[in-house]
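The values are calculated or read from the model by the stated rules, or taken from the named source; none is laboratory data. Here the structure is a predicted model, which is why all the values come from computation and not from measurement. As a convention, Cβ positions derive from the backbone with ideal geometry for all residues, glycine included, and neighbour counts pool all protein chains shown.
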2 protein chains.
Amino acid sequence: MAQIKDVAKRAGVSVASVSRVLAGHTGVTEATRQRVLEAVQAMDYRPDLAARRLRSRRTDTVGLIVSDIRNPFFTEVSRAVEDMAYQNRMRVILCNADENPEKEALYLDLMRDENVSGVILSPSLPTLAHFRIQDYPFPVVLVDRCDRETTADAVVLDNTDSAYRLTIHLIEQGYRRIAFIYGATSATGRQRQEGYVTAMATHGLETLTQAVPATVDAARIAASELVQGSLFPDALMGSNGLILLGLVEALREARLQFPEQIGLAGFDDLPWTRLVEPGITVIAQPTYDIGQATIELLLQRIAHPSQSVRRVVLRGELRERGSSVRRKDATL
Amino acid sequence: MAQIKDVAKRAGVSVASVSRVLAGHTGVTEATRQRVLEAVQAMDYRPDLAARRLRSRRTDTVGLIVSDIRNPFFTEVSRAVEDMAYQNRMRVILCNADENPEKEALYLDLMRDENVSGVILSPSLPTLAHFRIQDYPFPVVLVDRCDRETTADAVVLDNTDSAYRLTIHLIEQGYRRIAFIYGATSATGRQRQEGYVTAMATHGLETLTQAVPATVDAARIAASELVQGSLFPDALMGSNGLILLGLVEALREARLQFPEQIGLAGFDDLPWTRLVEPGITVIAQPTYDIGQATIELLLQRIAHPSQSVRRVVLRGELRERGSSVRRKDATL
DNA sequence: ATATTATTTGTAAACGATTACATTTTTACT
DNA sequence: AGTAAAAATGTAATCGTTTACAAATAATAT
């Protein structure tokens, strides 16, 4: 492999000049720039990243720690982050924490070892509770999950508002005993639950909430018990795509038709929500935008470490489908 | 930050000894080992990875270049790869090529720059056609996609066989004019098409195939034309999960009920295939296993660069559901 | 006890870039 | 033309490890 000194020799300049040209620095004459570029081309020279990183003490790498890569929300966020990162000549190290605080800690340690320029993190609830930005030697931008207490850059959905609007929609459609099943491991689930509670309160309705681990199976089991128990909800809401999936499974098992026998709505406009007849009413998240906004915020923060803390809140969009149409016996 | 010389000083040994202990080398007495470990602990010493990589010329990093991260198949494969890699103290750089050969080339270059220990690649068709393992300075293991010509380690489904079995299943259920819609960008789609063709041939049936870009929309449009055209297929098959999704959308648009008016089957047992009444018959891929087998193969190859080329073929599992039940007018 | 070998330790030279600083060349101005 | 200032270039130190090699110590055989 060609080294910088070989390139320098061929171009008839010093290694410093080669380095300067490649770094895009000014203070190098156009003539030498051309000769260097030509030599680089001719020898197919590629700088050794390890050497560069050692000397420059920068890695131009960002870490992306997602809670659960199987959740399509995070898949799409990752895609956006990756696209933008590589466009900005940054590398991405992707880690999947599986909603496990220990894994999160492990990966955050790893990011320190890798000396990354910054990290994007969607923290589990325990991690978020203890999270202090100053504990880390790199900028951190939270995505999808944060709370009022944490002072860190973040990009999130308007969780409480969206849940509020979704709940109001159900109420307006005539549902009264609406049950809210939400993921207990994330701040997001909680905030959506708050929006639901607020909406129910404004109409003087009794709340019926159930926290579960954020998995399809857990949601299915919880929903099964709910619909077969003595509480008789007339509608179910799920706080995210996985949970919503579990709810549908439970309704299928219980042979309950929606919206005829029970209403249904939830978060995340996944492809299948349109296919399950007559379609499921959801709050759609602008997932790609969220990812894009997050990496942009991180890059800004890296460029300007002392700029004030920012929180970007994106609005969810209500998509009405058949699962929540007005009840025949509605009495508003 | 503490450096190795600080640790050495505190432990009262040379830097070489510290390095040896940390590398897990033999030839160091238990007493010094303890003192070093103690000092490392006390000072919270973390070796500088850039320096280590520069000197040792190894990165302990593998690259994972997937064709489309939105495809749940690759999500699950990534998960497995990541799990296993970190268990073996390896890092993973994940790249999403979006079925774009140029992006693939770009990322493969990047892998070279990063001096990775090895790469896992699911190549697009053009890349696969030109692929020669000796063009790369690192081991490459193909996943999901390879053909008879390429001599590289690979982990794949028994695509042709699975498609054959799935087609035979439909034929046995009484379907005759079966159309096969498959992704044109991957070897996988083609091989599955072959299996379909073979199965049709053994029963003397006419084939009806349609190659499309591997997206939901492309599949939907192609299927719409098919079912509304003059060819009158009595069943549709999709070569993967995204395409299958497009088929379902097309049938919904055309208001065609399955299996009553048209049969349906495809690849990938995605969560929603159970939910769309009465369930869709699919070939389930052992996705996590595939990922696991792939990274294991890569690690082996890294450890033994000259071992003979291996191809691991995993068997797909036919899951019969309502979308392919026997036609009333079946005349076998 | 001494010679020989095996083991453990230490010293110093890499690894391949970036960059501070010194030096040379060019430009601008009197 | 001569000088000061600015710009371009080059030299060599540096980043923090690993590891080849030399040196010291311990173990074994005579």
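Things to note:
- Restricting attention to the range A:6-20, the residues that are outside any helix (DSSP H, G or I) and within 9 Å of DNA strand C (Cβ to nearest atom) add up to 1.
- Condition broken by B:ARG46, with the remaining ones in (1) within 8 Å of DNA strand D (Cβ to nearest atom); (2) in a helix (DSSP H, G or I); (3) not small (Gly, Ala, Ser) satisfied: (2)
- Residue check: A:ILE221 meets all listed conditions (1) crowded, with 22+ Cβ neighbours inside 10 Å; (2) assigned to a helix (DSSP H, G or I) but one, namely (1).
- Of the criteria (1) within 14 Å of DNA strand C (Cβ to nearest atom); (2) in contact (Cβ under 8 Å) with a residue 12 or more places away in the chain; (3) at the interface with chain B (Cβ under 9 Å from one of its Cβ atoms), which one A:ALA39 fails: (3)
- Test: residue in the range A:162-185 that is touching a Leu at 6+ places or on another chain (Cβ under 6 Å), closer than 27 Å to A:VAL312 by Cα and among the hydrophobic types (A, V, I, L, M, F, W, C): no
- Selection of the range A:49-91 for residues being within 7 Å of another protein chain (Cβ to nearest Cβ) and closer than 27 Å to B:SER56 by Cα yields A:LEU49, A:ALA50, A:ALA51, A:ARG53, A:LEU54, A:ARG91.
- Of everything in the range B:270-289 that is away from chain A (no Cβ under 11 Å) and buried (at least 22 other Cβ atoms within 10 Å of the Cβ), the residue that is farthest from B:THR160 (Cα to Cα) is B:THR281.
- For the range A:7-23, the count of residues that are more than 9 Å from DNA strand D (Cβ to nearest atom) and buried (at least 20 other Cβ atoms within 10 Å of the Cβ) is nonzero.
- Restricting attention to the range A:108-163, the residues that are aromatic (Phe, Trp, Tyr) and in contact with a helix residue (DSSP H, G or I) (Cβ under 8 Å, 6 or more places away or on another chain) total 2.
- Screening A:GLY24 with (1) outside the structural domain of A:SER122 (by TED's automatic domain parsing); (2) modelled with pLDDT of 95 or more; (3) among the small types (Gly, Ala, Ser) gives one miss only, at (2).
- All conditions in (1) over 17 Å from B:LEU299 (Cβ atoms); (2) away from every other protein chain (no Cβ under 12 Å); (3) assigned to a strand (DSSP E or B) hold for B:CYS95, with the sole exception of (2).
- When B:VAL227, B:VAL140, B:VAL197 are checked against the criterion of being under 17 Å from the mean Cα position of the chain (by Cα) and of a type in the set (A, V, I, L, M), B:VAL140 stands alone in meeting it.
- Of all residues in the range A:140-157, those satisfying the criterion of being in contact (Cβ under 8 Å) with a residue 60 or more places away in the chain and either surrounded by 23 or more Cβ atoms within 10 Å (Cβ to Cβ) or not in a loop (DSSP other than H, G, I, E, B) (or both) are A:VAL141, A:VAL143, A:ASP144, A:ARG145, A:CYS146, A:ASP153, A:ALA154, A:VAL155, A:VAL156, A:LEU157.
- Those residues of the range B:245-269 which are within 13 Å of B:GLY322 (Cα to Cα), away from every other protein chain (no Cβ under 11 Å) and assigned to a loop (DSSP other than H, G, I, E, B), in sequence order: B:PHE258, B:PRO259, B:GLU260, B:GLN261, B:ILE262
- Residue among A:LEU121, A:LEU108, A:LEU125 that alone is in contact with a Ser or Thr (Cβ under 6 Å, 6 or more places away or on another chain) and of a type outside the set (Asp, Glu): A:LEU125
- Qualifying residue in the range B:166-176 (condition: in a helix (DSSP H, G or I), among the aromatic types (Phe, Trp, Tyr) and in contact (Cβ under 8 Å) with a residue 12 or more places away in the chain): no
- Residue list for the range A:242-269, restricted to those being under 20 Å from B:GLY279 (Cβ atoms) and among the small types (Gly, Ala, Ser): A:GLY246, A:ALA250, A:ALA254
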